[in-house]
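Contents: one structure, followed by commentary.
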Number of protein chains: 2
Amino acid sequence: MYDLAEQKDVPNPMEQRSQQMELIKKRMSRVKHKIAVISGKGGVGKSLVTVNLATALAVNDKDRKVAILDADLTGPCVPKMMGLKGQRLDVGPVGIAPVKGPEGVGVVSMDFLLPTDDSPVIWRGPLKMGAIRQFLGEVAWGPLDYLLVDLPPGTGDESLSILQLLPEMDGVIIVTIPSEVSQAVVKKAVTFARKMEVPVFGVIENMAGLVCPHCGETINVFSEGGGARVAEEMGVELLGSIPIDPRVSTDSDEGTPFILRHPDSPAAKSFMGLVEKIENKVKNK
Amino acid sequence: MYDLAEQKDVPNPMEQRSQQMELIKKRMSRVKHKIAVISGKGGVGKSLVTVNLATALAVNDKDRKVAILDADLTGPCVPKMMGLKGQRLDVGPVGIAPVKGPEGVGVVSMDFLLPTDDSPVIWRGPLKMGAIRQFLGEVAWGPLDYLLVDLPPGTGDESLSILQLLPEMDGVIIVTIPSEVSQAVVKKAVTFARKMEVPVFGVIENMAGLVCPHCGETINVFSEGGGARVAEEMGVELLGSIPIDPRVSTDSDEGTPFILRHPDSPAAKSFMGLVEKIENKVKNK
């Protein structure tokens, strides 16, 4: 006979959810600053910015504890860009331990859980959110100075749900490229952040003018000045422009943040300038 | 008093859904060939390929009827790239009429329904799928030779649900860029298409080597040869490589498919070559 009494120790789904939310709250209370990196569309360098920003924050102050949550569940790129492919998340007594990347930056990504590179995560929305909740609540993030969240591209329900789980975000950074086609989607991202009542730190324009390594002339591969235009139109700050540099792509492929591998490149110098602006914004919060 | 009898003419949600599915089936039975364009990650030129492929198919045979469903609900770019920004969908007695673009290509996009450029579509999954079902079932597509579907980036549940609504897809085209970071996600896209039992027409490598307009030397902005490598590894065809050309970005910003504006450019020539391959694949289906 089915005995109800035996079920009394198994929490029901509602209880389980509220326990999980408590756990997230507890874990997140030990994180001083939370910054989300978003983009209206994919492929503009959102993960590149997250990886290099996290590394720069760690480089600028060796005592800082920095971690990345790669919340892009269907195309997680952070591990590859940090040379962490093939690593696995360890489960210890206090929770899941983030994988340590360059400069001690901790990384949690769906990529660490996938059996092979070919495996797509074809999950329905609710399952994805379950994974994000687990990442936030069951990872032993420890005390952190900065947690950067690499959100999925776009302003869809995934980004929405993740921001709802992290209500005390310091701010969001919006990554774009100079072309006009990208500008329309940046506007959506700004409106999205405002609707969510998250402060917008500003826009980073990636893939600005390329300096030809052969002749030194500038080539505006993806048009010009779109970042400044959209920042002005939307009343947000242009944090900086990062020029295209083939070495940036190679560094990502080889798993090293370009600010470490090519610190003297114009791309790295622009990048370190905008990191300073972000540090000031966090300080003045 | 609440009168149940009064409700008898209102179909219940299940009936409504099955009526809608019938409508989709009927509309789609008049479409000869359906091709989906996907990418493992965003920003690789999926919409650019869709727009130029549709235009090329219409150019190559003036009697062909071609249309695009821009199924990227959160960052719809197709209207901007075809010079159709600000247009609206008209509703007539037979259904919603697609907006006509260059070469008579019909376009249906969420962008035509948004009040302003700034408006993000922050919809939950089920609402999005409702919109896609409406687009497929309630648009008067008419008899079509080709319907191209620009899927959302990634291999998430949105792409999954849309492919499930269109079971008799001729094939999918996977768009990528040469960098290694992109290759991992291409593999996911191939596996995804295979799991969905949709034939993979092949891979298009976008943003291959840039020829410096000043000195004529080639710059591999996003690494080199990734498309060929991933095609070989996954046992799919490399349909072609499209070099980076700043004019491609400008043409998109100005709303003209680059194969029309710059037909003599190396990018357009490569593109027309791969269109021929796709036409042959459809013919030999």
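The values are calculated or read from the model by the stated rules, or taken from the named source; none is laboratory data. The structure displayed is predicted, hence computed values, not measured ones. We place every Cβ from the backbone using ideal geometry, glycine too, and count neighbours over all the protein chains shown. For accessibility, only protein heavy atoms count, side chains too; no ligands or nucleic acids. Shrake-Rupley method; radii C 1.70, N 1.55, O 1.52, S 1.80 Å.
How many nanometers, to one decimal and shortest first, lie between the label point of residue A:100 and those of its other copies, if labels sit 7 Å from Cα toward Cβ?
6.6
Please report the spacing between the Cα centers of segment B:54-95 and segment B:223-262 in Å, no decimals.
What the calculation gives is 21 Å, centre to centre.
Report the antiparallel proportion of the DSSP beta bridges in chain A as a percent, rounded to a multiple of 5.
Taking every DSSP beta bridge with both residues in chain A, the antiparallel ones total about 20 percent.
Measure off 7 Å from each Cα along the Cα-to-Cβ vector at residue A:119 and residue A:269, then give the distance between these two points in nanometres to one decimal.
Distance between the two pseudo-spin positions: 4.5 nm.
Using 1/(1 + (r/R0)^6) with R0 = 41 angstrom and r between the beta carbons of residue B:88 and residue A:237, what's the FRET efficiency to the nearest 0.05?
About 0.75, to the nearest 0.05.
So if a site counts as exposed when it's one of the GluC sites (Glu not before Pro), its DSSP state isn't H, G, I, E or B, and it has at most 16 other Cβ atoms within 10 Å, what's the longest stretch of chain A without one?
The longest such stretch corresponds to A:1-167.
Rounded to the nearest 5, what % of the DSSP beta bridges within the protein assembly as shown are antiparallel ones?
Taking every DSSP beta bridge within the protein assembly as shown, about 20 percent pair in antiparallel fashion.
Hey, can you find the accessible area per residue of the protein assembly as shown for me, probe 1.4 Å, expressed in square angstrom?
That works out to 41 Å² per residue.
Summarise the partner chain shielding of A:75-84 as one whole number: the mean count of Cβ atoms from other chains within 10 Å of each residue's Cβ.
Across A:75-84, the average partner-chain Cβ count within 10 Å equals 3.
When chain A is treated as a GNM, springs tying every alpha-carbon pair under 10 Å, which of A:105, A:51, A:91 comes out with the largest mean-square fluctuation?
A:91
Provide the percentage of antiparallel DSSP beta bridges, counting only those with both residues in segment B:88-240; round to the nearest 5.
45 percent
Any idea of residue B:29's accessible area? Nearest 10 Å², probe 1.4 Å.
Taking all protein chains as shown, residue B:29 has close to 90 Å².
Which FRET efficiency value, to the nearest 0.05, do you get for residue A:276 and residue A:26 by plugging their Cβ-Cβ distance into 1/(1 + (r/R0)^6) with R0 = 35 Å?
The formula returns an efficiency of 0.60 here.
Less than 13 Å Cβ to Cβ from residue B:239, Lys/Arg counted +1 and Asp/Glu -1: what total charge do the surrounding residues give?
Neighbourhood net charge equals -2.
Mind checking which of A:21, A:252, A:68 is farthest towards the positive end of the protein assembly as shown's charge dipole, using Cβ charges of +1 (Lys, Arg) and -1 (Asp, Glu) about the Cα centre?
A:21
Helix A:46-60: angle to the longest alpha-carbon principal axis of chain A, degrees 0 to 90, nearest 10?
Long axis of A:46-60 versus the principal axis of chain A: about 90 degrees.
Shortest first and in nm to one decimal, what separations exist between residue B:14 and its copies in the other chains, measuring from label points 7 Å along the Cα-to-beta-carbon line?
2.6
With each pseudo-label sitting 7 Å past Cα toward Cβ, what's the residue A:100-residue B:194 distance in nm, one decimal?
3.8 nm
Carbon-plus-sulfur fraction of the accessible area of segment A:71-152, 1.4 Å probe, in percent?
Carbon and sulfur together cover 57 percent of it.
Pairs A:46/A:128; A:41/A:100; B:32/B:281; A:62/A:277; A:85/A:277; A:128/B:187: which are spaced more than 22 Å apart, C-alpha to C-alpha?
Listed pairs above 22 Å: A:41/A:100; A:85/A:277.
Taking loop as defined by DSSP and a crowding limit of 14 other beta carbons within 10 Å, which trypsin sites (Lys or Arg not before Pro) in segment A:68-141 fit?
A:85, A:88, A:124
Take the alpha carbon atoms of segment A:134-171, find their center, do the same for segment B:151-186, and report the distance between the two centers in whole angstrom.
26 Å
When Cβ neighbours within 10 Å are restricted to other protein chains, what is their mean count per residue of peptide A:253-264?
Mean number of neighbouring Cβ atoms from other chains: 1.
Run the helix sum for chain B: -39,500 (n - 2.57) per DSSP H stretch of 4+ residues, divided by residue count, reported at 222 nm to the nearest 500 deg cm²/dmol.
Dividing the helical sum by the residues of chain B leaves -12000 deg cm²/dmol.
Residues of B:33-46, mean number of Cβ from any other protein chain within 10 Å of their own Cβ, rounded to a whole number?
3
Once you order the gyration tensor axes a ≥ b ≥ c over the Cα atoms, which shape class does the protein assembly as shown get: rounded for a/c under 1.5, otherwise prolate or oblate by comparing a/b with b/c?
It comes out oblate by the Cα gyration axes.
List the distances, in nm and shortest first, from the label point of residue A:225 to the matching label points in every other copy, placing each point 7 Å from Cα along the Cα-to-Cβ direction.
4.1
Specify the angular offset, from 0 to 90 degrees and rounded to the nearest 10, of the alpha carbon long axis of helix A:266-283 from the longest principal axis of the alpha carbons in chain A.
50 degrees
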